[in-house]
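First the structure, in the form of structure tokens, and then the observations on it.
The values are calculated or read from the model by the stated rules, or taken from the named source; none is laboratory data. Keep in mind the model is a prediction, meaning the values are calculated, not measured. Counting neighbours? That spans all protein chains shown, and the Cβs are built from the backbone with ideal geometry, glycine included. Note: areas computed on protein heavy atoms with side chains; ligands, DNA, RNA excluded. Shrake-Rupley method; radii C 1.70, N 1.55, O 1.52, S 1.80 Å.
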Amino acid sequence: NAGVTQTPKFRVLKTGQSMTLLCAQDMNHEYMYWYRQDPGMGLRLIHYSVGEGTTAKGEVPDGYNVSRLKKQNFLLGLESAAPSQTSVYFCASSYTPGPHRGNIQYFGAGTRLSVL
Amino acid sequence: AQSVTQLDSQVPVFEEAPVELRCNYSSSVSVYLFWYVQYPNQGLQLLLKYLSGSTLVESINGFEAEFNKSQTSFHLRKPSVHISDTAEYFCAVIPYSGAGSYQLTFGKGTKLSVIP
């Protein structure tokens, strides 16, 4: 059982280049999330999805787009990368929140992105 | 909206000494509470959670946290730390229901360094 898998693990981009980060989960979770982690900032939510074909903005969505064409996959795209997008990106997934179940999110290992 | 404050960004402690990592939160609604741990160059792993019931919750590796509703705190403690506990610890909350019930709000993290 792989859980949440992120690809690639590392990437270096030049300013203005585009790329897509892939997140795949094999736990049949409805909810998926993209976060970015910056030193001293904790994790901040970029976009999330509550089901196949649906996406919504989180706390810091500017400069990113997402797609959830299949339930198990959640893609994060950078159309024109900027140095401010240098960060570690984490994908997470969870079951539908419910009473006394909360919302336990399972995280991938992360993608380290540097934009020069 | 919710906010989480982790009062210490770094905590050095000698091996076999006790440790407490402090977490306070602010929310206008009831929340579930979590502690996540991030080992170097890895993703986040759920350490423990408070959903309901006993306000003292424990993890399998000796950590415990106590939910104090009146003080809006969820401090993490361990009576005797090991070198392997060196990691960054994140406190997080999520509302019971309604808008945002799937969005974790994280603190900025506390780096625990265990000194031999």
Within 10 Å of each Cβ in peptide B:45-55, how many partner chain Cβ atoms are there on average? Round it to a whole number, please.
-> 2
The stretch B:3-115, dipole about Cα centre (Lys/Arg Cβ +1, Asp/Glu Cβ -1), debye to the nearest 20 = 340 debye
Treating each Cα of the protein assembly as shown as an identical point scatterer and ignoring solvent, apply the Debye formula and state log10 I(q)/I(0) at q = 0.10, 0.11, 0.13, 0.17 Å⁻¹.
-> -0.46, -0.56, -0.77, -1.26
Provide the per residue accessible area, probe 1.4 Å, for the protein assembly as shown, rounded to a whole number of square angstrom.
-> 48 Å²
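Using a/c under 1.5 as the rounded threshold, could you call the stretch A:4-115 rounded, prolate or oblate? The axes a ≥ b ≥ c are square roots of the C-alpha gyration tensor eigenvalues, and prolate needs a/b larger than b/c, oblate otherwise. The partial results should precede the final answer.
Numbers: a/c = 1.88, a/b = 1.65, b/c = 1.14.
It comes out prolate by the Cα gyration axes.
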Only residues of the stretch A:60-100 count here: report those whose backbone N is under 14 Å from the spot 7 Å along Cα→Cβ of A:Ser18, or say none.
-> A:63-67, A:76-82
Using a 1.4 angstrom probe on heavy atoms only, work out the carbon and sulfur share of the accessible area of the stretch A:56-116 in %.
-> 56 percent
If the label point sits 7 Å along Cα→Cβ of B:Ile115, residues of the stretch B:4-36 with amide N under 13 Å come out as B:11-17
For residues of A:40-53, the mean tally of beta carbons on other chains within 10 Å = 3
Take the Cα atoms of chain B, find their three principal axes, and give me the spread along each one in whole Å, biggest first.
-> 46, 29, 23
